[in-house]
Structures are given as structure tokens and as C-alpha cells.
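The values are calculated or read from the model by the stated rules, or taken from the named source; none is laboratory data. Since the model is a prediction, treat every value here as computed from it, not as a measurement. For neighbour counting, all protein chains shown are included, and Cβ atoms are generated from backbone atoms with ideal geometry for every residue, glycine included.
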Amino acid sequence: MQTINHWLSFETPEAVATAVCHEIVRQAQQSIAERGCFKLVLAGGSTPKLAYSLLVQQPVDWSKCFIFFGDERCLPIDDPDRNSVMAQQALLSHIDIPAQQVFIIPAELGNVEGAKLYEQQVIDAQTFDLVLLGMGEDGHIASLFPSHEHAETEFVHPVYNAPKPPADRITLSAKALSNSRELIFIITGMGKQAMIKQWQSGVQLPVSTIAPINGVDVYIDKAALGD
Ligand code: 6PG
């Protein structure tokens, strides 16, 4: 059962990004102080890009951080539409993090082979400290789409026929994404408003299947919340 701890609403996408950036820093410093490391799962899409770029100047000991991805599109490794390329351009190529601590999904190998290889890295990493997720206009999160069936035992799924191109993708499962101490949704823009209302009214969607033990926080702008 999903627990939404807070709907944190902001006037603009920029204010959302700033707040998310500060929360990531807080969580990183707390995880490193308590456990000596910070295992972070990055969201894909376009919404989180500003928050990632703001992180570059923040006081985080990146040598103690381990970066994973919630999903990836089956495209060549340097394709500008890859989530890993977005993260590299906005954040990873600007911070001093050891390359072996960044776990890029090998989606260029194809959805089946790539998922199989990444699953072991996800299993070895459990439990994450913070998972970041966006949400699509159909309520999808990562590459978990409505009406797509997946084996519940898997930590990483191959995805076929995704309604958001490209058709072939790789995604962490709801189980893997929920295995995190903290989880933040980052949602902005009027295009998400209808799905937010459905989510709030209890409609079963991929976004509502994510249920970490400590609940979730939603960082959202007024355009998406419909205030
Ligand atoms: C992807 C993302 C996807 C994204 C949502 C929201 O690969 O497309 O992982 O789940 O987070 O579609 O995308 P925007 O942030 O661009 O609205």
C-alpha cells in the first residue's frame, strides 16, 4: 500500500528543481554520515534535468556515492535521447565520482540482455537510499507503463512496445524501485494534471504501485497539481 507523506507544491518548475536538489543533498549527507555511502537512483525524462544541474555546485562527497538509473531506452550508448546521456550532460560529467560507482543500464545491448546484466547489479545494491522518479501523462513511472504485465519476481524488466518511444526499454521493477529508504516523485507541467487527479482519487496506475516502507514525497508545481 502506497503512503504519500507530503505533496510539496511550488509555484514554478525551477522552484521544484531547487527544492529537489536541496533534498538530495540532505539525504546524501545523512546517508554518508550514517552508513558511509549514498545509493541514488536517477529518474529519466526531462523534468529532473534542472535539479541534476543544480546539484553540480552542491557540497556532496561524490566519492561515497553510487548512482543507478530507474530505466533506460534501448538506444546506442551515446544517443542524446538516452537517460544516461541526459544525466551525464547535466551532472555526472561535472562531478568527481569514480566511474565504477556509476551503474549505467547497458540498454544498447537490447532489452533482454541488458535487463539480465543490470538485474545482478540492482540485487547487489539493495537497499537504495533515495529513488527519484518522474511521471508520464499516462501515469507511467520509469518504464512501467499502464496495461504492461511483468513478472513480479524480477528486479529489472525488459520492456516491449512502450507507448513512449523507443518501444524497447529496460526498467527497474516496482519491487526494486520500492526497495529504498526514501523516494521522491518530481512532477511538473499542466500535462500531468489529469493523471495527478486520477492518482489522488485512488485509480490504480503504475505511479501508485510504488510503495517504499517509509512512504513517498511528491515535489510538484502548481501547474501539475491544478491549484
Ligand atoms: C523515460 C523516463 C520516464 C519519464 C516520464 C516523465 O525514459 O521517459 O524514465 O519515466 O520519467 O515519462 O518524463 P518527463 O520528465 O520528460 O515529463
Look at Glu108 and say whether it is in contact (Cβ under 8 Å) with a residue 60 or more places away in the chain and outside any loop (DSSP other than H, G, I, E, B).
no
Can you give me the number of residues within the range 192-215 that are more than 16 Å from the ligand (Cβ to nearest atom) and in a helix (DSSP H, G or I)?
2
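For (1) over 21 Å from Arg82 (Cβ atoms); (2) crowded, with 16+ Cβ neighbours inside 10 Å, each residue gets a yes or a no:
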position: Pro146; (1), (2): yes, no
position: His157; (1), (2): no, yes
position: Ala174; (1), (2): yes, yes
position: Lys192; (1), (2): yes, yes
Scanning the range 42-64 for residues that are among the aliphatic types (A, V, I, L, M) and either farther than 22 Å from Ile32 by Cβ or over 11 Å from the mean Cα position of the chain (by Cα) (or both), which turns out farthest from the ligand (Cβ to nearest atom)?
Val60
Counting only residues that are within 12 Å of the ligand (Cβ to nearest atom), closer than 20 Å to Gly215 by Cβ and part of a helix (DSSP H, G or I), how many does the range 177-191 have?
1
Looking at Leu144 and the list (1) within 9 Å of the ligand (Cβ to nearest atom); (2) touching a Leu at 6+ places or on another chain (Cβ under 6 Å); (3) aliphatic (A, V, I, L, M), which single condition is not satisfied?
(2)
Is one or more of the residues making up the range 26-40 in contact (Cβ under 8 Å) with a residue 24 or more places away in the chain, closer than 15 Å to Val216 by Cβ and either in a helix (DSSP H, G or I) or away from the ligand (no atom under 16 Å from the Cβ) (or both)?
yes
Restricted to the range 8-25 and to residues being touching a helix residue (DSSP H, G or I) at 6+ places or on another chain (Cβ under 7 Å) and not in a helix (DSSP H, G or I), the residue nearest to Ala176 (Cα to Cα) is Leu8
Suppose we filter Ala90, Ala125, Ala107 for residues that are at pLDDT 95 or above and away from the ligand (no atom under 15 Å from the Cβ); which single one remains?
Ala125
